[in-house]
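A quick write-up on the structure given underneath.
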2 protein chains.
Amino acid sequence: MTDYQGFLSTAGRDMRESPIRRMGALLGKQRGIISFAPGYPAPETFPSADLQDIAQSLVSGSDPYVLQYGPTRGFRPLLEQIAGIMDERGAPTSLDRLLVTTGSQQGLDLVARVLIDPGDVVMVERPTYTGAIMAFRNVRASLAGVEQGPDGVDVAALDAVHQRLVADGRRVRFLYLVPNFQNPTGLLLSLEKRRALLAWASRRNVLILEDDPYRELYFEGAATEAEVRPLRADDEDGRVIYLSSFSKTLAPGYRVAWIDAPVPLSDRLEVAKQSADMCSGSFDQRMVHEVARRGILSRRLPMLRGHYRDKRDVMSDALRQELGGLCTWAVPRGGFFLWVALPEIVDADRLVERAVRHGVVYVAGDAFYADDDGVGPGGRNMMRLAFSAAPPDRIREGVARLAVAIREEIEALSPAAPAARPAPPRPA
Amino acid sequence: MTDYQGFLSTAGRDMRESPIRRMGALLGKQRGIISFAPGYPAPETFPSADLQDIAQSLVSGSDPYVLQYGPTRGFRPLLEQIAGIMDERGAPTSLDRLLVTTGSQQGLDLVARVLIDPGDVVMVERPTYTGAIMAFRNVRASLAGVEQGPDGVDVAALDAVHQRLVADGRRVRFLYLVPNFQNPTGLLLSLEKRRALLAWASRRNVLILEDDPYRELYFEGAATEAEVRPLRADDEDGRVIYLSSFSKTLAPGYRVAWIDAPVPLSDRLEVAKQSADMCSGSFDQRMVHEVARRGILSRRLPMLRGHYRDKRDVMSDALRQELGGLCTWAVPRGGFFLWVALPEIVDADRLVERAVRHGVVYVAGDAFYADDDGVGPGGRNMMRLAFSAAPPDRIREGVARLAVAIREEIEALSPAAPAARPAPPRPA
């Protein structure tokens, strides 16, 4: 029998499975479950008729490269469109700064590989996106977490942690941020803090990795385009590496996202991508390009903002009705997520099993708390609910199921009460 | 000014650009150039009408997951088809051994990340595929090269190098092989050597990474299906990690390939893929699945074998006619490549510039020679010519241009002759 453990690299041994992907796998195991776990866009918003038309015209068209290997940087006309999008976001760029990636997850991975040696420090918010935690851990970065206020990361705390790390002789490479409708909290970083973070990065000679998948999904009346202005737009010092994606505004199945980075870094990122997957899908890139060229992408945005705002309202109303006295949450001004605090005695991770028995699933908060510097775990009583994917009636039903599970759990945990019996499994 | 060099990781600093991708970039710079550089499949073989029909039916169909994030392992029905393909290749497998990758390049990258710590040794053939060299180097592997005989890698030399490495206290992780119509040499590894290598891997406790993109493209009359039997098929000891792809038999633009690996490794590879790009394209995987389901994939194979055999003949005949007395090559029995030896005095790398001036490009042989253990460079007078992409008349014209460039180069290098003037640039 071959001893495979003995063949693994240190990274290969230490890599940890994505908690969100694990939750996603639960989906397949039980029919009829309502999932608030993965942050999937709503499939009913995908522009199917347009995509059908475009797919047909691409395959029957005269471009012999539609199905061929493409340049590692990406399909040139798409890169030009991305430059236009960066312009609209207040961050003019040039083609030599841009790289198409196979989803933003690849952007996180490439940046990590090009910047991180084992033991180097990445500073992250507490909580932060699990996919980023994974990408940084897989190159054996050490993650230093900094708490958030209601308008984003605490800049004074950030600097204090940074100074402590530097005093300890640690090499801090960058700060990772999701400024707009953060995953998992839904928080919007204030403009004042954006400015403060840019100044801090220059003063402390740190880079900023700005991950911006949700910016177009601000909710009218709750946030404005001015409030989602990227840090990258005011980056006079070349400190910001910017990631964004078409996954949330068109469809994630195409795996088309991009990196904008200072040229010396984008050159290295291109070489890293050559060996990671050579090039992103040629057909997918042309699909996205044609959707953008026909104006479909920008035309869809008001609809998408309304769609997700309505779903946020449905979930928020249902939560208020079902769990109003028991749980708390801040109503997000955009994006996909509600970040809900359960009563202190409830462990969100342990609640998952009971929730699944009741036919609903979410991601427990502790998955989003990284801190390798001793602050310890967090988010024990928090849960991330994605309101993006399920239709409204399923959102209401899911919240109702969740409320039953939570009340059962509280009852089971109360010392006075007799141990609650597990609920019977739901019929399929 | 930010000092970006100071921010790079060791890997980020040391990563080297793909020589093939660099050659590819030359393509875009000069109109009318004939490229024998990248191993692109022939676009005229892509089944456009079928793909058009399938694309339309997918987007207009009832599957709400066509454009959604998918499982990291891959689209389940496609995985089942891949299991069927493995069966046909004499290597029955199970779904928990399989992982869809974003092209085989990602397979190389994931295997490298999961198995290699900096300084670990990968054994490779001299010459070997540059994309593999890059993937291994980017995780800072040390590459030990072993010479080939006419029927593949020299097993005695392999063992001698291995034993020397072990005596030096080095950790040898795996042997990387392209057994069928190797890139760049076109060599077919003999069945006898396949058996010998499996026995060697067990005896020496080494894994084998078998990269098998070209196996379906054996040329009738020159090789048989029995001769392309994967090592994986006779791997009784669980030593083989097997990579293959749809890029050469359907189209590379979809970026759909796969890994078959022992379960303890495929589990780690899945986690590595979660953080590398989360999942491969959902639409692309369904396209490939539907092409296979309709029987198009297997129906195309006789046509493809004939197509590439004919192109091989065109190139081989043109070479014989134009360069018969000057260059030598073995006629490959399948695949995409002719591996040509120039006269000893010619440096293939230096010849590139002159060839480009004459309107033709190839990949110089030294790019395929990795050896970090002191054997030194190789392939100085070798060139890889891909006959796969260009139409027959362009192949003939390209070889004619190459012949002019080579004769000019020889003349310029001959001590007796006066220095040749550079050829005038070709009109566009």
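The values are calculated or read from the model by the stated rules, or taken from the named source; none is laboratory data. Everything numeric here is computed off the predicted structure, so don't read it as measured data. Note: ideal-geometry Cβ built from the backbone for every residue, glycine included; neighbour counts use all protein chains shown.
General remarks:
- Residue in the stretch B:114-132 that is nearest to the other protein chains (Cβ to nearest Cβ), counting only those that are β-branched (Val, Ile, Thr) and in contact with a strand residue (DSSP E or B) (Cβ under 7 Å, 6 or more places away or on another chain): B:Ile116
- Any hit, the stretch A:82-89, residues being more than 20 Å from A:Asp284 (Cα to Cα) and surrounded by fewer than 19 Cβ atoms within 10 Å (Cβ to Cβ): yes
- Residue match in the stretch B:232-252 (condition: in a loop (DSSP other than H, G, I, E, B), surrounded by fewer than 22 Cβ atoms within 10 Å (Cβ to Cβ) and away from every other protein chain (no Cβ under 13 Å)): no
- Within the stretch B:159-200, tally of residues that are of a type in the set (A, V, I, L, M, F, W, C) and surrounded by fewer than 22 Cβ atoms within 10 Å (Cβ to Cβ): 11
- A:Ala91 fulfils the conditions (1) at the interface with chain B (Cβ under 9 Å from one of its Cβ atoms); (2) part of a loop (DSSP other than H, G, I, E, B) except for a single criterion, (1).
- Check on A:Ala223, within 21 Å of A:Pro184 (Cα to Cα) and of a type outside the set (Val, Ile, Thr): yes
- Filter result for B:Leu175 (within 14 Å of B:Met123 (Cα to Cα), out of contact with any Cys (no Cβ under 8 Å at 6 or more places or on another chain) and outside any strand (DSSP E or B)): no
- Scanning the stretch B:325-341 turns up one or more residues that are surrounded by 17 or more Cβ atoms within 10 Å (Cβ to Cβ), within 20 Å of B:Pro150 (Cα to Cα) and β-branched (Val, Ile, Thr).
- The set of residues in the stretch B:360-380 that are farther than 17 Å from B:Val124 by Cβ and part of a loop (DSSP other than H, G, I, E, B) comprises B:Tyr362, B:Arg380.
- The lone exception for B:Leu78 - which of (1) crowded, with 19+ Cβ neighbours inside 10 Å; (2) touching a Leu at 6+ places or on another chain (Cβ under 9 Å); (3) in a helix (DSSP H, G or I); (4) at pLDDT 90 or above it fails: (2)
- Residue count for the stretch A:354-407 under the criterion of being without any contact (Cβ under 8 Å) to a residue 60 or more places away in the chain and under 21 Å from the mean Cα position of the chain (by Cα): the result is 5.
- Test: residue in the stretch A:253-268 that is under 19 Å from the mean Cα position of the chain (by Cα), at pLDDT below 95, at the interface with another protein chain (Cβ under 8 Å from one of its Cβ atoms) and not in a loop (DSSP other than H, G, I, E, B): yes
- Of all the residues in the stretch B:55-75, those that are surrounded by fewer than 16 Cβ atoms within 10 Å (Cβ to Cβ), in contact (Cβ under 8 Å) with a residue 60 or more places away in the chain and not in a helix (DSSP H, G or I) number 2.
- No other residue among B:Ala201, B:Ala160, B:Ala222 is assigned to a helix (DSSP H, G or I), away from every other protein chain (no Cβ under 14 Å) and of a type in the set (Gly, Ala, Ser) apart from B:Ala160.
- Against the test of being at pLDDT 95 or above, in contact with a Gly (Cβ under 8 Å, 6 or more places away or on another chain) and charged (D, E, K, R), the options B:Arg204, B:Arg173, B:Arg229 yield a single qualifying residue, B:Arg229.
- Qualifying residue in the stretch B:19-29 (condition: more than 30 Å from A:Asp117 (Cβ to Cβ), more than 9 Å from every other protein chain (Cβ to nearest Cβ) and either more than 23 Å from the chain's Cα centre (by Cα) or at pLDDT 95 or above (or both)): yes
- Here is the figure for the stretch B:286-329: residues that are without any contact (Cβ under 8 Å) to a residue 40 or more places away in the chain and either among the β-branched types (Val, Ile, Thr) or within 14 Å of chain A (Cβ to nearest Cβ) (or both) total 1.
- Residue among A:Ala132, A:Ala144, A:Ala112 that alone is at pLDDT 95 or above, out of contact with any Phe, Trp or Tyr (no Cβ under 9 Å at 6 or more places or on another chain), hydrophobic (A, V, I, L, M, F, W, C) and crowded, with 24+ Cβ neighbours inside 10 Å: A:Ala144
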